[in-house]
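Structure first, commentary second.
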Amino acid sequence: GDSVTQTEGPVTLSEGTSLTVNCSYETKQYPTLFWYVQYPGEGPQLLFKVPKANEKGSNRGFEATYNKEATSFHLQKASVQESDSAVYYCALSETYGSSGNKLIFGIGTLLSVKP
Amino acid sequence: DAGVTQTPRHEVAEKGQTIILKCEPVSGHNDLFWYRQTKIQGLELLSYFRSKSLMEDGGAFKDRFKAEMLNSSFSTLKIQPTEPKDSAVYLCASSFGHPTERLFFGHGTKLSVL
């Protein structure tokens, strides 16, 4: 079945440093790839998505490129802020049989940014 | 806009009790999901409904976990009987159902089983 593997946390950084969270996936399909972010006390929310291979998604200074050849979708940010402290999930959409779809999530990466 | 509403936000149960968690999806969404969230396992899919039809019932969770969707605007997740290992955050999410569409999550119910 489909799967997503991402950097296991926790990851602790100082403000102003760069972030990379690795994400790799396995699928026989042509999925849309997602990054979700979850702040304390809330449910996960979409950070951004990329439906097509070799395209880049971005939001709030975060970005990731859908690399079909390497089956990767690494999350990057050049300069993190304390407010970026959260759990980050990589996910792919899996078509369910002839209809329907569901998301397959990675384990999640806890990011803590120190001032 | 009304998002996904989950109640209660917190639930404390004794081992062996029956608990029912509730979820109201975003109006107009076709798909509804129940996930269990733990630090060790991350997000585990418990149940998946499409237009109120059960598409997946979570395999290993079948024996004590039962999700229902009696109408398009309300779903419940029953855990019977509860065990301490069920302590986790239970998240409900909904979407329009297209593979490129995102999920909208509720705030979750934090369950503690003593």
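The values are calculated or read from the model by the stated rules, or taken from the named source; none is laboratory data. All values derive from a computational prediction rather than experimental measurement. Quick reminder, even Gly has a Cβ in these numbers, built from the backbone with ideal geometry, and neighbours come from all protein chains shown. Only protein heavy atoms, including side chains, enter the accessible area calculation; ligands, DNA and RNA are left aside. Shrake-Rupley method; radii C 1.70, N 1.55, O 1.52, S 1.80 Å.
Tabulated data for the structure shown
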{"read-out": "Failed criterion for A:Phe73 (all others in (1) within 14 Å of chain B (Cβ to nearest Cβ); (2) crowded, with 21+ Cβ neighbours inside 10 Å; (3) more than 13 Å from A:Leu19 (Cβ to Cβ) hold)", "value": "(1)"}
{"read-out": "Residue pairs meeting the criteria (Cβ under 7 Å; at least 6 apart or on separate chains; first over 13 Å from A:Ser112 (Cα atoms) and in contact (Cβ under 8 Å) with a residue 12 or more places away in the chain, in region A:1-24; second open to solvent by 40 Å² or more (accessible area, probe 1.4 Å) and charged (D, E, K, R))", "value": "A:Asp2/A:Glu26; A:Ser3/A:Glu26"}
{"read-out": "Any hit, region A:47-58, residues being surrounded by 13 or more Cβ atoms within 10 Å (Cβ to Cβ), under 23 Å from B:Ile40 (Cα atoms) and modelled with pLDDT of 95 or more", "value": "yes"}
{"read-out": "Selected residue (only one of A:Tyr30, A:Tyr88 is at negative phi and open to solvent by less than 40 Å² (accessible area, probe 1.4 Å))", "value": "A:Tyr88"}
{"read-out": "Some residue of region A:12-23 being at pLDDT below 95 and open to solvent by less than 30 Å² (accessible area, probe 1.4 Å)", "value": "no"}
{"read-out": "Count - residues of region B:1-28 that are more than 15 Å from B:Thr76 (Cβ to Cβ), among the β-branched types (Val, Ile, Thr) and open to solvent by 50 Å² or more (accessible area, probe 1.4 Å)", "value": "1"}
{"read-out": "Index of the failed condition, B:Gly42 passing every other in (1) out of contact with any Leu (no Cβ under 7 Å at 6 or more places or on another chain); (2) open to solvent by 80 Å² or more (accessible area, probe 1.4 Å); (3) facing chain A (nearest Cβ under 10 Å)", "value": "(2)"}
{"read-out": "Matching residues in region A:6-38 - criterion: being part of a loop (DSSP other than H, G, I, E, B) and within 13 Å of chain B (Cβ to nearest Cβ)", "value": "A:Thr7, A:Glu8, A:Gly9, A:Pro10, A:Thr27, A:Gln29, A:Tyr30, A:Pro31, A:Thr32"}
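Yes or no, residue by residue, for (1) open to solvent by less than 10 Å² (accessible area, probe 1.4 Å); (2) in a loop (DSSP other than H, G, I, E, B); (3) within 11 Å of chain A (Cβ to nearest Cβ):
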{"residue": "B:Leu70", "(1), (2), (3)": "no, no, no"}
{"residue": "B:Thr76", "(1), (2), (3)": "no, no, no"}
{"residue": "B:Pro81", "(1), (2), (3)": "no, yes, no"}
{"residue": "B:Lys85", "(1), (2), (3)": "no, no, no"}
{"residue": "B:Val89", "(1), (2), (3)": "no, no, yes"}
{"residue": "B:Cys92", "(1), (2), (3)": "yes, no, yes"}
{"residue": "B:Arg102", "(1), (2), (3)": "no, yes, yes"}
{"residue": "B:Lys110", "(1), (2), (3)": "no, no, yes"}
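Yes or no, residue by residue, for (1) more than 9 Å from every other protein chain (Cβ to nearest Cβ); (2) not in a strand (DSSP E or B):
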| site | (1), (2) |
| --- | --- |
| A:Pro40 | yes, yes |
| A:Gly43 | no, yes |
| A:Ala53 | yes, yes |
| A:Gly57 | yes, no |
| A:Glu63 | yes, no |
| A:Glu94 | no, no |
| A:Leu110 | no, no |
| A:Val113 | yes, no |
